[in-house]
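Reading through the structure tokens given below for one structure.
The values are calculated or read from the model by the stated rules, or taken from the named source; none is laboratory data. Nothing here was measured: the structure is a model prediction, and the numbers come from that model. Note: ideal-geometry Cβ built from the backbone for every residue, glycine included; neighbour counts use all protein chains shown.
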Amino acid sequence: MDKVWDLTKKIPRGRLITYGGLALALGRPRAARAVGNALNKNR
């Protein structure tokens, strides 16, 4: 989960990226659902 948050901090404001894109950037192309769940945990 920390890796996901570290990566999202590097996304420029106004730029769109999908969960799949984040997963691919993390080197886990099949982990889009896990990325979505990790981002959903922060409320």
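For every residue, the table says whether it meets (1) touching a strand residue (DSSP E or B) at 6+ places or on another chain (Cβ under 8 Å); (2) loosely packed, with under 12 Cβ neighbours inside 10 Å; (3) without any contact (Cβ under 8 Å) to a residue 60 or more places away in the chain; (4) among the β-branched types (Val, Ile, Thr).
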| residue | (1), (2), (3), (4) |
| --- | --- |
| Trp5 | no, no, yes, no |
| Thr8 | no, no, yes, yes |
| Arg13 | no, yes, yes, no |
| Gly21 | no, no, yes, no |
| Leu24 | no, no, yes, no |
| Ala32 | no, no, yes, no |
| Val35 | no, no, yes, yes |
*Scan the helices (runs of 4 or more DSSP H) fully inside the chain and keep the ones with 2 or more residues being at pLDDT below 95 and in contact with an Asp or Glu (Cβ under 7 Å, 6 or more places away or on another chain).*
none
